[in-house]
Amino acid sequence: MTHDLNNWTARERPPYTAVEGRYVTLVPIVDDTYFDDLWNAFTVEGSDVVWSYLLDGPFAEKSAFLDYARHLYLGKDPMFHALIDAQDGKAKGVASLMRINPEHGSIEVGHICYGLELQRRPATTEAFYLFGKRVFEELGYRRFEWKCNNLNEPSKRAAIRFGYVPEGVHRQAMIAKGKNRDTAWFSILDSEWPGLKNAFEQWLSPDNFDSQGQQNKRLEEFRN
């Protein structure tokens, strides 16, 4: 951890350029190009669950989703990215860089919504790895945050799996869909990223998957 920050200077905001990986590409959303893909991804049978802990959704009508997407996905902060599946070139989820604070080098990943076809695949892990590379290596930020509803156990497990450090719970932080939301906080610091990056790259290697696409070693094992 760097204690002497007298020479610290504000960092740049994230650029509107794509970040390409082996399994997925992150593309900043600047228009409605991917909205039809996302509607299709979010309306696969059983997909209502992906909206459980988000502030809006699910949407019964495509027009309602499109209104929502135009309102939310086209802003500068949160800065939404479409997750483009390398298998077929379709957008199958979104995630954003948000609460962007260049002055202090802090940024959060949030509004994560992955279609069912993208979940439990290497693409979702690679997406976070690509965000981490942009945040820490390309932009030089100091802190990468993750926050979620404290009842959202899958999200908290994902944060821990990715190497985030729990920082506690903000009680009664929000009202979401007519219910109280306590918010769990997690973070990764720039000093922690190199070790995490190494583990991600080993896990994402094709050598870590068998012929059925099943992992040989868990991500956590590479960190240990």
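The values are calculated or read from the model by the stated rules, or taken from the named source; none is laboratory data. Here the structure is a predicted model, which means the values were calculated and not measured. We place every Cβ from the backbone using ideal geometry, glycine too, and count neighbours over all the protein chains shown. Heads up: the accessible areas ignore ligands, DNA and RNA and are worked out on the full protein's heavy atoms, side chains in. Shrake-Rupley method; radii C 1.70, N 1.55, O 1.52, S 1.80 Å.
Looking only at segment 180-224, count every residue that is surrounded by fewer than 16 Cβ atoms within 10 Å (Cβ to Cβ) and over 27 Å from residue 122 (Cβ atoms) and tell me the total.
Final tally of qualifying residues: 2.
Scan segment 137-146 and give yes if some residue there is of a type outside the set (S, T, N, Q) and in a helix (DSSP H, G or I), otherwise no.
yes
Here are some residues: 177, 133, 156. Which one is open to solvent by 20 Å² or more (accessible area, probe 1.4 Å) and more than 24 Å from residue 46 (Cβ to Cβ)? Step through it out loud before you land on a result.
Details: 177 fails: more than 24 Å from residue 46 (Cβ to Cβ); 156 fails: more than 24 Å from residue 46 (Cβ to Cβ).
Among 177, 133, 156, only 133 is open to solvent by 20 Å² or more (accessible area, probe 1.4 Å) and more than 24 Å from residue 46 (Cβ to Cβ).
State yes or no: is residue 127 among the small types (Gly, Ala, Ser), touching a helix residue (DSSP H, G or I) at 6+ places or on another chain (Cβ under 9 Å), assigned to a helix (DSSP H, G or I) and within 23 Å of residue 51 (Cα to Cα)?
For residue 127, the condition - among the small types (Gly, Ala, Ser), touching a helix residue (DSSP H, G or I) at 6+ places or on another chain (Cβ under 9 Å), assigned to a helix (DSSP H, G or I) and within 23 Å of residue 51 (Cα to Cα) - is not met.
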